[in-house]
Every structure is written in C-alpha cells, then in structure tokens.
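Q: Got a structure here, written out as structure tokens. Questions coming.
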Amino acid sequence: MHLITRAGWGARPYRTPSGATRYARPRRGVKIHYLGSHYTDRPHDRCAAYVRSLQDSHMDGNGWSDIGYSFVVCTHGHVFEGRGLDRRNSANGNTSLNEQDYAVCALVGSSGLTEPTDAQLHGLRDAIDHCRREGAAGPWLGGHKDGYPTNCPGGPLYAWVQAGAPRPQTTPASTPPPATEEEPVPLMLSESRADDTQLSVTSWVDLPFADAVIHKGPREHVTVVHLQLAADTPPDAEILGRFYLANADGTAPSAYLPIRHVGPGPHQFVSAAPIPEGRYLRFQALAVTQHGESLTVTHRTLSGPYWTV
C-alpha cells in the first residue's frame with residue numbers, strides 16, 4: 001500500500017472541535033466516491049496539489065472542518081490520508097451516513113477521465129483492506145449512491161464495487177535469472193533508539209543516526225525513518241520530514257530528495273534516491289502544530305536495504 005499521510009501531501013490543520021470528532025461506533029463498511037465533476041489525469045507529482053485543492057474546496061467552499069473523505073486514491077495507485085481511520089468523514093451525505101461507513105474517493109470524474117486505472121483499482125482495494133484491517137470497518141461495501149440520492153461514484157466505479165472490488169488481472173512476471181557473483185547483494189540497515197529530541201516549528205532539526213548505519217555513497221538504498229512522539233502530543237500535530245545529501249561533516253546539503261510517506265503510522269518517511277560518491281544521506285524533521293508548540297520525539301528507528309555500487 002502506497003500510503004501518503006497528511007504531512008506527506010501538505011494538508012491544512014483541520015478545524016476544531018468538529019474536525020476532531022471521532023467515530024462513536026464501529027463502521028459498517030466502506031463507501032466509494034468519485035469527484036462528480038470534470039477530471040483530467042496528471043503526473044503523480046501534481047496529485048498532492050490536487051488533493052490540497054480538494055481540501056480547500058471542502059473547507060472554504062463547503063464550510064467543512066476538513067477534507068470530506070477518509071482517503072483519496074489517485075490514478076497512480078497512491079492512497080492519500082484524508083480524515084483517516086479515526087475521525088468521522090463528512091462525504092456520505094449526513095451525520096448518520098458519515099458515522100456508518102468510511103468514505104474513499106477515487107480521482108476520476110463524471111467527465112474527462114471517467115474510467116479508473118488498474119493502479120487506481122489496486123489503490124482503492126488497498127484502502128478498503130486498510131479500513132477493514134486497521135480500522136473498525138465491517139465487510140459491507142457500496143457506493144455513495146447507496147442510501148443517498150446521487151450518481152456517485154459513477155457507472156464504471158459502481159460496477160466494480162458491485163462486482164466485489166476485485167483487483168485487476170495481471171500477467172505473471174517471468175522468473176528472473178539467478179543472481180550472479182557480479183550482481184550487488186542487498187544488505188540491511190537496522191537501528192532503534194530511545195530519544196528526547198525536541199522538534200521546532202520554526203527550523204528543521206537534524207536527526208543523526210549511528211555512524212555505522214549512515215549511508216555513504218556510492219550506494220543505492222531504500223531508507224525508512226520512523227518517529228514516535230510523546231504521549232501528550234496534541235492530536236492535530238504533524239511532522240514534516242526530508243532527506244538530503246551532505247558532506248561527511250553535514251555541510252553543503254544538496255537539494256532535498258524526493259520523499260514518500262507510508263504507513264502504518266503517520267510519522268514514517270522513505271527515501272530511495274541514489275547516493276553519489278563522497279556524499280552522506282541525512283534526515284531532518286519539522287514540527288507542525290496549531291499553537292507553535294515544539295514536539296518531543298521519544299523513539300526513532302532506521303531500517304531498509306541498501307546496495308553498494
């Protein structure tokens with residue numbers, strides 16, 4: 001599942017108290033939505049901006065406390081966290097319907113792009129499974145139109161929902177040849193430590209790891225950093241994270257690297273950019289809170305495979 005947290009797509013803080021409303025009972029299941037307006041597909045690096053525009057429309061146009069959906073799935077199969085698993089959505093039509101089911105929206109429209117892509121169907125299936133596995137969703141599955149007078153989620157998506165939301169058929173990949181001695185062998189990083197680092201809302205804070213597991217180029221890698229916050233962290237707090245390449249002493253940082261935010265928690269960050277010779281991978285974090293409070297990191301882990309090239 002390619003989960004992009006609220007911090008990952010740059011969500012605005014939700015309004016309180018309404019935006020902090022928790023579900024009062026387990027969900028019956030999941031309702032699938034579409035945009036109900038014209039939609040033109042776009043490169044994946046523009047999807048986060050579109051989700052931000054949806055949030056602006058819902059908050060500034062509809063007067064809602066946040067983006068209405070629990071999750072949003074782009075045509076590239078990435079799942080954007082909206083209100084998530086715990087906070088009640090506002091997309092299903094009324095309070096009772098919002099309380100009853102999660103709301104998962106596919107970025108397809110009533111005109112323009114109307115057919116979901118295979119990657120998007122996989123992402124929708126990932127979101128459904130996530131709601132059932134990690135949330136409190138029961139097995140029921142339907143469309144927005146089930147119980148509310150609307151055309152949403154449109155003909156193609158509703159037919160998929162009625163078929164049980166199957167994953168698209170894929171052609172099995174051919175078996176790769178066995179590795180030879182010349183092929184690089186992946187190694188694993190693993191570090192976990194207790195912490196009491198204070199994250200500021202005004203400046204990025206470097207979070208170093210042990211010298212034995214700092215990446216030094218030339219190297220290919222998939223590095224996962226997970227941060228755990230103190231128990232008294234405000235519920236609306238977020239963390240922004242970024243990777244960069246620097247000299248051994250931390251000077252002369254490069255442009256910040258592309259980053260992916262994935263589950264299972266909201267404060268997990270992944271980088272997979274190659275590291276050139278003589279450069280080191282470093283990580284920084286920034287607190288985002290409504291009243292400017294700093295955040296305390298109580299534990300952090302580093303893991304992932306790497307290949308020396």
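Q: Go through region 196-238 and report how many residues are open to solvent by 50 Å² or more (accessible area, probe 1.4 Å), at pLDDT below 80 and either among the basic types (Lys, Arg) or assigned to a loop (DSSP other than H, G, I, E, B) (or both).
A: 2
Q: Something else about it: So, in region 114-145, exactly how many residues are of a type in the set (D, E, K, R), closer than 14 Å to Phe71 by Cβ and touching a helix residue (DSSP H, G or I) at 6+ places or on another chain (Cβ under 6 Å)? Lay out the reasoning, then the answer.
A: Going through region 114-145, the residues of a type in the set (D, E, K, R) turn out to be 115, 118, 125-126, 129, 132-134, 145.
This time we only want the ones that are closer than 14 Å to Phe71 by Cβ, so: 125-126, 129, 132-134.
Filter once more, keeping what is touching a helix residue (DSSP H, G or I) at 6+ places or on another chain (Cβ under 6 Å): none.
The total comes to 0.
Q: Residues in region 143-150: is at least one out of contact with any Lys or Arg (no Cβ under 6 Å at 6 or more places or on another chain) and of a type in the set (Lys, Arg)?
A: There is at least one residue in region 143-150 that is out of contact with any Lys or Arg (no Cβ under 6 Å at 6 or more places or on another chain) and of a type in the set (Lys, Arg).
Q: Name the single residue, out of those in region 53-82 being touching an Asp or Glu at 6+ places or on another chain (Cβ under 8 Å) and farther than 19 Å from Gly36 by Cβ, that is surrounded by the most Cβ atoms within 10 Å (Cβ to Cβ).
A: If we take residues in region 53-82 being touching an Asp or Glu at 6+ places or on another chain (Cβ under 8 Å) and farther than 19 Å from Gly36 by Cβ, then Val79 is surrounded by the most Cβ atoms within 10 Å (Cβ to Cβ).
Q: Now, a different point. So, in region 277-298, of the ones that are among the small types (Gly, Ala, Ser) and within 19 Å of the chain's Cα centre (by Cα), which residue ends up nearest to Asp206 (Cα to Cα)?
A: Quick first cut of region 277-298, residues among the small types (Gly, Ala, Ser) only: 278, 285, 287, 292, 294.
When the remaining residues are screened for being within 19 Å of the chain's Cα centre (by Cα), the result is 285, 287.
Working: Ala285: 7, Ala287: 12 Å.
Out of the qualifying residues, it is Ala285.
Q: Among the residues of region 11-48, which ones are part of a loop (DSSP other than H, G, I, E, B), within 30 Å of Leu227 (Cα to Cα), open to solvent by less than 40 Å² (accessible area, probe 1.4 Å) and not hydroxyl-bearing (Ser, Thr, Tyr)? Explain how you work it out, then say what you get.
A: First pass over region 11-48, keeping only residues part of a loop (DSSP other than H, G, I, E, B): 11-17, 21, 23-26, 34-37, 40-43.
In the following step, the residues that additionally are within 30 Å of Leu227 (Cα to Cα) were identified as 11-17, 21, 23-26, 43.
Next, only the ones that are open to solvent by less than 40 Å² (accessible area, probe 1.4 Å) stay: 11, 14, 23.
Residue satisfying the conditions is Ala11 alone.
Q: Let me ask something additional. Taking the condition loosely packed, with under 13 Cβ neighbours inside 10 Å, at pLDDT below 95 and part of a loop (DSSP other than H, G, I, E, B), does Arg167 pass? Let's see the steps before the verdict.
A: On the way: loosely packed, with under 13 Cβ neighbours inside 10 Å: yes; at pLDDT below 95: yes; part of a loop (DSSP other than H, G, I, E, B): yes.
Yes: the conditions hold for Arg167.
Q: Go through region 30-39 residue by residue and tally those that are under 21 Å from the mean Cα position of the chain (by Cα) and not aliphatic (A, V, I, L, M).
A: Residues of region 30-39 under 21 Å from the mean Cα position of the chain (by Cα): 30-35.
Next cut, not aliphatic (A, V, I, L, M) only: 31, 33-34.
Count: 3.
The values are calculated or read from the model by the stated rules, or taken from the named source; none is laboratory data. On a predicted model such as this, the values are computed, not experimentally measured, just so you know. Because the Cβ atoms are built from the backbone with ideal geometry, glycine has one as well, and the counts that use them run over all protein chains shown. Just so you know, the surface numbers come from the protein's heavy atoms only, side chains and all, with ligands and any DNA or RNA stripped out. Shrake-Rupley method; radii C 1.70, N 1.55, O 1.52, S 1.80 Å.
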